[in-house]
Amino acid sequence: MSTNSKEAILAAARQGAQAHGYSGLNFRDLAHEVGIKAASIYHHFPSKADLGAAVTRRYWEDTSADLDAMLADASDPVSALRQYPQIFRRSLETGNRLCLCSFMSAEYDDLPEPVKKEVQAFADVNVAWLSKVLSAADVVSPEKSEERARAIFAAVAGAQLMARSRSDISLFDALIESYQATGLLPA
């Protein structure tokens, strides 16, 4: 099987997990979507746990790269902080999906250990980026930046969850605006 097949499996797994969580990683369904035999998936991913860990790792790595690019392209750190919620909004824009790691966090007790590790890494990447940018923007003191970063991460992920449950992206936008109005996020 080629690298292209592996990438196609990961892409299909991402979509499935964003719509259905860990249970969305059904080898038969993924194989059908990719156009291969289910047994062929085992060539790259010997188990569902291996696939789950790989797709989750790819998700947080992609998010980390997106965050770094957002900061590099922003005119200043405050501007990057204003753009942060867009990372979560994109999932809603794509078929009312949820952040893959937010979905899997809700299933945390039932996840295999390797998947749990990758889900935690996603949160760690977001909190570390937010903490760094909050300090650079001089929004809070370095001593308070991680605490504020956790609050922002939880609030934005929660806004996505509420919007998804109502299939209403305008609710996400309204919640982000309220976070800006209250000072959690820069306006």
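Descriptive notes on the structure:
- Residue-averaged [θ]222 nm for the chain, counting only DSSP H segments that reach four residues, each worth -39500 (n - 2.57): -24500 deg cm²/dmol
- Relative contact order for the stretch 30-135: 36 percent, from Cα pairs under 8 Å spaced at least 6 residues apart, divided by residue count.
- Quotient of Cα Rg and 2.2 N^0.38 Å for the chain, N being how many residues it contains: 1.09
- Measuring with a 1.4 angstrom probe and ignoring ligands and nucleic acids, ARG57 comes out at about 90 Å² accessible.
- Angstrom value of the Kirkwood radius, inverse mean 1/r, which spans all Cα pairs in the stretch 1-55: 10.6 Å
- Rh by Kirkwood over Cα pairs, then Stokes-Einstein D for the stretch 81-140 at 1.567 mPa s and 4 °C, µm²/s: 100 µm²/s
- For the chain, the per residue solvent-accessible surface stands at 49 Å², with DNA, RNA and ligands left out and a 1.4 Å probe.
- Contact order relative to length of the chain, as percent, for alpha carbon pairs under 8 angstrom and 6 or more apart: 22 percent
- Of interest is the spacing of the C-alpha centroids, which for the stretch 59-76 and the stretch 166-184 amounts to 21 Å.
The values are calculated or read from the model by the stated rules, or taken from the named source; none is laboratory data. Here the structure is a predicted model, which means the values were calculated and not measured. To get the accessible areas, we keep the full protein, side chains included, count just its heavy atoms, and leave off ligands, DNA and RNA. Shrake-Rupley method; radii C 1.70, N 1.55, O 1.52, S 1.80 Å.
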